[in-house]
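The structure appears right after this line, and notes come after that.
The values are calculated or read from the model by the stated rules, or taken from the named source; none is laboratory data. Being a predicted model, the structure only gives us computed values, none of them experimental. Don't worry about glycine lacking a Cβ; one is built from the backbone with ideal geometry, like all the others, and counts go over all protein chains shown. For the accessible areas, the whole protein counts, side chains as well, though only heavy atoms, and no ligand, DNA or RNA atoms are used. Shrake-Rupley method; radii C 1.70, N 1.55, O 1.52, S 1.80 Å.
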Amino acid sequence: MSPFRLTRTLPEDTTGAALRADVREGLTGSPRTLPPKWFYDARGSELFEEITGLPEYYPTRAEREILRVRAGEIAEASGARTLVELGSGSSEKTRYLLDALTGLHTYVPVDVSESALALAGRALAAEHPGLDVHGMVADFTAPLTLPGTPGPRLVAFLGGTVGNLLPAERAAFLASVRALLAPGDALLLGTDLVKDEQVLVRAYDDAAGVTAAFNRNVLSVINRELGADFDPEAFGHVAVWDAGREWIEMRLRSRTAQTVKIPALGLAVDFAAGEEVRTEVSAKFRQDGVRGELASAGLELTRWWTDEEQRFALSLSVA
Ligand code: AVJ
């Protein structure tokens with residue numbers, strides 16, 4: 001049994017074609033938008049890791065506290081023999097679950113980044129001899145076919161990344177997760193919670209400006225991949241709380257009237273002074289809202305755990 005193997009389900013040119021389509025659609029739409037997935041090139045991933053250590057950015061610390069304190073209860077409630085982690089990234093938080101799931105046979109980390117998967121997958125396989133680690137290079141927001149592995153399965157989607165999906169996208173995503181689950185399987189979902197506006201805004205607009213650099217980095221990705229001539233410094237970082245929709249919005253605001261050329265798309269995009277591009281929504285949740293969204297997808301919320309300060313929640317739901 002090879003302790004670590006990798007399956008690719010992304011066609012080779014995925015990032016090129018998808019980036020071109022997203023940028024064309026997003027920058028010619030109104031409001032102008034860019035999907036947050038394009039933040040995460042090597043530099044963006046580095047900046048995000050730095051964000052997770054910022055004093056203002058509480059979600060990672062809060063979720064880690066829940067996993068550290070509740071991993072035993074989660075393992076006991078799920079009894080999983082396979083752990084599937086969507087958007088596994090560095091799998092740093094996964095260790096709490098892997099240590100607690102004593103009957104685990106297979107770990108299936110799923111991520112678009114083959115390098116992150118290979119690094120984390122090999123390390124975890126070495127740390128857990130006897131555990132079969134099967135990495136999948138895939139976009140978890142697209143329909144997924146999981147390898148046949150022993151049940152029951154626990155599908156984990158941590159970090160609050162579900163909040164990056166707009167409500168309709170979230171409904172489709174949860175329905176696709178439900179379709180993956182057999183009776184006895186479960187979903188472990190990380191959700192950031194509604195709280196004081198200033199605490200939320202500061203978490204997305206830190207004093208050191210790391211989040212501002214993370215936000216602007218998407219312009220450098222488009223420059224590099226599509227030959228565009230964005231000047232990232234010509235755009236200001238904006239983080240606002242939309243109280244009606246209960247989500248944080250990150251935007252890039254054009255400081256002046258300017259035109260940006262994107263040769264790979266044959267586009268020249270005019271920005272008025274003050275015009276904004278929405279680069280990310282990060283939805284914040286309430287328990288009843290999570291229960292309702294899971295129920296709409298055919299999932300029953302059975303357990304709800306928060307950190308001491310009730311900033312973040314992990315929920316367990318069953319098919
Ligand atoms: C990794 C998507 C959960 O939405 O809080 C961090 C990304 N954006 N700071 C989040 C992010 C700005 C983060 N997620």
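General observations
- Subset tally (residues that are of a type in the set (Gly, Ala, Ser) and in contact (Cβ under 8 Å) with a residue 40 or more places away in the chain) for region 200-227: 5
- The set of residues from region 137-161 being open to solvent by less than 40 Å² (accessible area, probe 1.4 Å), closer than 16 Å to residue 113 by Cβ and among the hydroxyl-bearing types (Ser, Thr, Tyr) is empty.
- Failed item, numbered, when residue 287 is tested on (1) of a type in the set (S, T, N, Q); (2) closer than 23 Å to residue 28 by Cβ; (3) open to solvent by 40 Å² or more (accessible area, probe 1.4 Å): (2)
- Of the criteria (1) under 20 Å from the mean Cα position of the chain (by Cα); (2) more than 16 Å from the ligand (Cβ to nearest atom); (3) part of a strand (DSSP E or B); (4) surrounded by fewer than 18 Cβ atoms within 10 Å (Cβ to Cβ), which one residue 240 fails: (2)
- So residue 276, is it among the acidic types (Asp, Glu) and over 30 Å from residue 70 (Cβ atoms): yes
- Filter result for residue 134 (open to solvent by less than 60 Å² (accessible area, probe 1.4 Å), in contact with a strand residue (DSSP E or B) (Cβ under 6 Å, 6 or more places away or on another chain) and at pLDDT 90 or above): yes
- Residue match in region 245-257 (condition: at positive phi and either part of a loop (DSSP other than H, G, I, E, B) or at pLDDT 95 or above (or both)): yes
- Within region 292-319, the set of residues being of a type outside the set (Gly, Ala, Ser), within 21 Å of the chain's Cα centre (by Cα) and not in a strand (DSSP E or B) comprises 293, 294, 299, 307, 310, 311.
- Residue match in region 172-187 (condition: within 12 Å of the ligand (Cβ to nearest atom) and either small (Gly, Ala, Ser) or within 18 Å of residue 247 (Cα to Cα) (or both)): no
- Restricting attention to region 60-102 and to residues that are under 21 Å from the mean Cα position of the chain (by Cα), aliphatic (A, V, I, L, M) and not in a helix (DSSP H, G or I), the residue that is farthest from residue 182 (Cα to Cα) turns out to be 86.
- Residue within region 12-31 that is within 13 Å of the ligand (Cβ to nearest atom), open to solvent by less than 70 Å² (accessible area, probe 1.4 Å) and modelled with pLDDT under 90 present: no
- Checked against (1) in a loop (DSSP other than H, G, I, E, B); (2) more than 19 Å from the chain's Cα centre (by Cα), residue 53 passes all but condition (2).
- Candidate set from region 165-199 (those that are among the acidic types (Asp, Glu) and open to solvent by 40 Å² or more (accessible area, probe 1.4 Å)); member that is nearest to residue 296 (Cα to Cα): 169
- Total residues in region 243-267 satisfying the condition of being open to solvent by less than 20 Å² (accessible area, probe 1.4 Å) and of a type in the set (Val, Ile, Thr): the figure is 3.
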